[in-house]
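Notes follow the structure.
The values are calculated or read from the model by the stated rules, or taken from the named source; none is laboratory data. If you're wondering where the values come from, they're calculated on a predicted model, not measured in any experiment. In this analysis, Cβ positions are derived from the backbone assuming ideal geometry, glycine residues included, and neighbour counts consider all displayed protein chains. For the accessible areas, the whole protein counts, side chains as well, though only heavy atoms, and no ligand, DNA or RNA atoms are used. Shrake-Rupley method; radii C 1.70, N 1.55, O 1.52, S 1.80 Å.
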4 protein chains.
Amino acid sequence: MTIFSSDNVTGACPEVMDAIVSANEGIAESYGNDKWSSKLQTKLSEIFETDVVVFPAVTGTASNALALSVLTPVFGKIYCHELSHINTDECGAPEFFSGGAKLVTMKSEDGKINTNDLSKNIRGTGNVHLSQPATVCMTQACETGTVYQLEEIQSIAETAHEHGLRVHMDGARFANAIASLNVSPAEMTWKSGIDVLSFGGTKNGCLTAEAVVFFKPELVGNFPYLHKRSGQLLSKMRFVSAQLEAYVSNDVWLRNARNANAMAKLLSEGLANFPDIKLAYPTQSNEVFVHLPSSAIDLLNAEEYNVSEDELDGKSVRFVTAWNTVSDDIDKLISTISNK
Amino acid sequence: MTIFSSDNVTGACPEVMDAIVSANEGIAESYGNDKWSSKLQTKLSEIFETDVVVFPAVTGTASNALALSVLTPVFGKIYCHELSHINTDECGAPEFFSGGAKLVTMKSEDGKINTNDLSKNIRGTGNVHLSQPATVCMTQACETGTVYQLEEIQSIAETAHEHGLRVHMDGARFANAIASLNVSPAEMTWKSGIDVLSFGGTKNGCLTAEAVVFFKPELVGNFPYLHKRSGQLLSKMRFVSAQLEAYVSNDVWLRNARNANAMAKLLSEGLANFPDIKLAYPTQSNEVFVHLPSSAIDLLNAEEYNVSEDELDGKSVRFVTAWNTVSDDIDKLISTISNK
Amino acid sequence: MTIFSSDNVTGACPEVMDAIVSANEGIAESYGNDKWSSKLQTKLSEIFETDVVVFPAVTGTASNALALSVLTPVFGKIYCHELSHINTDECGAPEFFSGGAKLVTMKSEDGKINTNDLSKNIRGTGNVHLSQPATVCMTQACETGTVYQLEEIQSIAETAHEHGLRVHMDGARFANAIASLNVSPAEMTWKSGIDVLSFGGTKNGCLTAEAVVFFKPELVGNFPYLHKRSGQLLSKMRFVSAQLEAYVSNDVWLRNARNANAMAKLLSEGLANFPDIKLAYPTQSNEVFVHLPSSAIDLLNAEEYNVSEDELDGKSVRFVTAWNTVSDDIDKLISTISNK
Amino acid sequence: MTIFSSDNVTGACPEVMDAIVSANEGIAESYGNDKWSSKLQTKLSEIFETDVVVFPAVTGTASNALALSVLTPVFGKIYCHELSHINTDECGAPEFFSGGAKLVTMKSEDGKINTNDLSKNIRGTGNVHLSQPATVCMTQACETGTVYQLEEIQSIAETAHEHGLRVHMDGARFANAIASLNVSPAEMTWKSGIDVLSFGGTKNGCLTAEAVVFFKPELVGNFPYLHKRSGQLLSKMRFVSAQLEAYVSNDVWLRNARNANAMAKLLSEGLANFPDIKLAYPTQSNEVFVHLPSSAIDLLNAEEYNVSEDELDGKSVRFVTAWNTVSDDIDKLISTISNK
């Protein structure tokens, strides 16, 4: 294990941990009928500049699969990138929660889906022999560390909506994308056509806190039952809500994300100085993907960085920075590689 | 809301909260590959006096549904009490996780299933037209606050095993039952024929921590994939494992359960002093069910105890004591009723 | 095997077989876009005196499970009799097709559900912890050979609709019930509150032909996709449609059912003449359930009637008459028993 | 509609229809416990030169989905061609029957999957984050009318087995492939590594008859329950078994397939004579795919051939010949195009 293997090797940031400790005083209504959960609803509505409906969850896998399951019929198609987390890293959770939806994957150089591919793949609406086009899922920031520009989101969402599809954003690294684009949460979501968001907190300073955020109340439908039935409605929900509330208060989430992004930038630039090291994807958030000579890999592993090229695409090594990464960590990594 | 509406209105006990705070230092491997998760495995193996395989989860609903899903084929039958949590309070999670299993319910006066009823209901093995007998689920302590005696567990498990079924225990209030029977965890589980246990921590002093405990490694099968696929494999699993480890260390769990049980006893005895109040079920753990005159209900609700007869069986009022209930709370409740 | 073990041991009646042979001429559009399927739609609309939407299927299990799946959400409850085919004889098909619905069973002496029990069992609407009341299923004629009177159907349907539930009729022996009550198909279905019908043909003279019949087009919803996805949309659908069309033409179905009912009556009356033989249920359609002395069972089995008390409720022997049963068959059976 | 739109626009061939009529005499045990079903088992064991276990079904969709569901865990991956029927034409049946398996699709010019692509795509075995490699599915003959050579089947099966996967063959046009390769059924299946076959009869002269054929009894597992639960266990199963038995007797199936293949060849050669018409795929069974100038398409549609380029890959027109196509039909089609 090493500090760069993932942003989920970190603990919670101080504000979040303090919120948990504070929430532990006294008794509180269970199953989300507590004041922290109410405040979270209000707080996120402020941050997104619209009335949102929020359902906390404890894993990104559950958050994504639940969101997709309310948007997609059992015979539906979910369009996503081949490298997306829902396709590669959730052991079939979207298929499970949706009751058998089909993930239709698209490839691209930059880890993002694009409007042309999407258009070509939306086929067969109304033909009973075919799984039916239902949902598009964008990961923001992408698994490859790249970030969709607002125009890209808008274009994809527009195409989806024209064909009667719904648009989901997997925001496991939502804050990193916001920090990267320097836009408002509203601009990057509903103003650009996102219908439902998986809002991630765990990777960026929470202990374990995610949320499904609906921008259109009419899409909520049976979600409360699906939420309960999946074992994601916590009896002591206040402890998840309290984390999220602290996380989005006082710009804690943006501060955390900015640090992670800055450290990734530092690392990326440091690596780019080596003539035989090439970035696999541009560094736009808190993940750095590089093609490393095997000598560099050996040196890193001798220092227990435990790197390999198998993480994502079988071709590049991944380094993930986090809310608490410091420049010394980067310097040490660069220095290790220098010895190759 | 009132302090007696459920044991899940409480927060975490100090030892558990301290463990969370301590676990927050430094980085740790994700997805359960951390030292807290390893220690939990060891610790629970000690407590159960056998090598157990443990998978943490965050809700009892998920823990139960996951355990049942690995024991029951998609066309299987799960035998349980009509009032059991898996039948009444999980919005179909066992059916969902198992891919369509059928819950066969049995009634009884004391909230427990019994061997005779079970025998009669196990039918049709090998007949392709019938859902196939697969699993028996006992809740210990029961939803009605009653507790299975060891002989009862053994008899049910024996009948189940004779017919080739597996035996699951829903231990959402496992500690309360242990404290009530004053037996060892081994005696109340695998030594009496339990194959898989849902081990509850949340209600009795954890923040949110449950676990599926396998007493027979050969039953684990595909569980790791089912666990991940259901969104219950937390990236920062250390925080659940740390809770459970602190919970079962130094008899914290038993101390908590003993207090809850003692307070229930105190309440039960206090209520029994009123000639017009009758217990609906004997008080054997931390739940008290009583038939209250409507004047008493009105008095309690005037003090915001928010009681009603709808909680479980539509016929009795439920009071649940917890790890942190104090005798003053009981006195105050009794005193309120005295005014009727 | 014996001729009385079930009505499905028979073949197809001449009119149905002729229709299959006729339908085999020339080519025809596949997947139901053929003239036989169109005519079936028209024909059934005439017979039911309203515009119905019809989807053929090949088994009663599929027909029931499909109908229930479009009426019931994944977290829904289906209310039915404990002895109903969907609960006892479909190996979990309703749970499978619905994605995990829960069957809530009710008992009664006559094999029918009743309004009081139903009312008591409809609980928890809007409570996310509980599987949600969704659908009521009546079997007409019942598994016990009894038949719901129109007022009974109306009362159950009214209760269901008041609570927002949908009403399904399992009509595997629909014709026998119509013949028994001597009412119109419209009266026994939509005029009495039935929303969706599983219309059976196989047992009463078809080769293999069932249909899901919608009385309210707005309930069809996603059914065409569910139909295809379940493998029930036949490429050469004309051969199922042709059977059903012939079956409901020229009163073939009623003639067949009347014969089966009359033969059951004959058998029932013949058995009632023995002082030590008691009917288990009144004979109202084409099934006769009797408590037989073991000497009678032995005599029957010596003649290879292969009877036992295990068929339905473990307490009575079942004899089923069919469209082609003749009085000689009955006489021979009675005569065999006479020797006891 | 036109005679070339699919082979499923045809009816049943005389031998099959005669068998249905013959099977209609007398009563017979239901649910496959009849003599026709027994004889089918024997007959297919002879034809495949090994003891096979056979389960009849009524659609190819059901047959495929059932076979895949017993080979693939709920979190499993099924490897198949992008154009395969299970991926494009079954409205998600494989996902439904399997409880959420993921179809991993591969592309190729000739409509066949190949060993290299398969090897590259088999990844992540044992990693709980990933859907698990489980099953490979080959369509023989392919959707594109091409046919796998024995060496190709062997190579794919070997790769699959080396990685612990199971091998399924979708044989909706199995007879056409046998006729094309002129090999024995044993050679094209279990001797080349096929574990389970969907054996198609409907398209090639049956009324509606398919079967799942197991070459390894140990793979049958829970199939009988899955079969029943899916509504594919017909009560009057004799009528499906009788079709299949007649179909494989006296080389009826091969005679039918040879005619269809020969007519496709005739058509293919006729079309190849036009300088501006190019075959999209080589004609190796009973499907012909061609790139047609729009003038030709217009002429054909003026004669109600109803052709379009949307059928399979959006780029070519499909013509399917059948067991009863005659050379006059081909001549007429060619002649129509000649006028362009």
Straight-distance crosslink candidates among lysines, where the alpha carbon sits under 17 Å from residue A:278 and sequence neighbours closer than 8 are dropped:
A:265, A:315, A:340
The summed charge of the residue D:39 Cβ neighbourhood (under 11 Å; Lys/Arg +1, Asp/Glu -1) stands at 0
Quick one: longest stretch of chain A between exposed loop GluC sites (Glu not before Pro), exposed meaning at most 12 other C-beta atoms within 10 Å and loop per DSSP?
A:110-303
Can you give the Rg and Dmax of the protein assembly as shown based on its C-alpha atoms, in angstrom?
32.7, 104
Contact-by-burial set, region C:52-79, min loss 20 Å², accessible area of protein heavy atoms with 1.4 Å probe, reference chain alone, gives C:58, C:59, C:61, C:74, C:75
Do any residues of region B:110-139 show a loss of at least 10 square angstrom of accessible area between the isolated chain and the full protein assembly, using a 1.4 Å probe, and if so which?
B:123, B:126, B:128, B:129, B:130, B:131, B:132
Using a 7 Å offset from Cα along the direction of the beta-carbon, what are the separations from residue D:298 to the same position in each other copy, nm, ascending?
7.0, 8.8, 8.9
Which whole number gives the average, over all residues in C:19-26, of C-beta atoms from other chains lying within 10 Å of the residue C-beta?
4
Taking a label point 7 Å from Cα toward Cβ, how far is residue C:21 from its twins in the other copies, in nm, shortest first?
0.4, 8.9, 8.9
Other copies of residue C:51: label-to-label distances in nm, shortest first, labels 7 Å along the beta-carbon direction
3.7, 5.8, 6.9
For region B:252-338, place one equal point scatterer on every Cα, skip the solvent, and apply the Debye formula. What is log10 of I(q)/I(0) at q = 0.11, 0.12, 0.22, 0.24 Å⁻¹?
-0.27, -0.32, -1.08, -1.27
Quick one: order D:148, C:225 from most to least accessible surface, probe 1.4 Å.
C:225, D:148
Mind checking A:4-12 for the average number of partner chain beta-carbons within 10 Å of each residue's beta-carbon?
6
State the extension gain, in nm to one decimal, for the chain segment bounded by residue A:276 and residue A:334, taking 0.36 nm per residue of separation less the distance between their alpha-carbons.
19.5 nm
In the protein assembly as shown, carbon and sulfur make up what percent of the accessible area (probe 1.4 Å)?
46 percent
When the helix-only estimate is applied to chain A (DSSP H runs of n ≥ 4, each -39,500 (n - 2.57), divided by the residue count), what is the mean residue ellipticity at 222 nm, nearest 500 deg cm²/dmol?
-11500 deg cm²/dmol
Whole Å is fine, so just give me how far the alpha carbon centre of region B:301-316 lies from that of region A:29-91.
33 Å
DSSP beta bridges in region C:14-250: the antiparallel percent, rounded to 5, is 35 percent
Just to confirm a number: summing +1 for Lys and Arg and -1 for Asp and Glu over residues other than residue A:153 whose beta-carbon lies under 11 angstrom from that of residue A:153, what do you get?
-2
Along the axis that rotates chain A into chain B, which residue of chain A has the nearest beta-carbon, and what is the gap in whole Å?
A:58, 3
Grab the eigenvalues of the alpha-carbon gyration tensor for region B:99-200, scale each by 5, take roots, and send me the semi-axes largest first in whole angstrom.
24, 13, 13
Cα-only Rg/Rh for region D:14-250 with Kirkwood Rh rounds to 0.97
Provide a whole-number value for the mean count of partner chain Cβ atoms within 10 Å of the Cβ atoms in peptide B:214-224.
1
Accessible area lost on pairing D with C, both sides, 1.4 Å probe, Å² to nearest 100?
3900 Å²
Hey, any idea what the orientation-averaged projected area of the convex hull of region C:176-292's Cα atoms comes to, in nm²?
9.3 nm²
With an 8 Å Cα cut-off and a minimum separation of 6 or more residues, compute the relative contact order for region B:157-260 in percent.
28 percent
How many Å² of accessible area per residue for the protein assembly as shown, probe 1.4 Å?
33 Å²
Equivalent ellipsoid, region B:68-149 (semi-axes from 5 times Cα gyration tensor eigenvalues, Å):
21, 16, 9
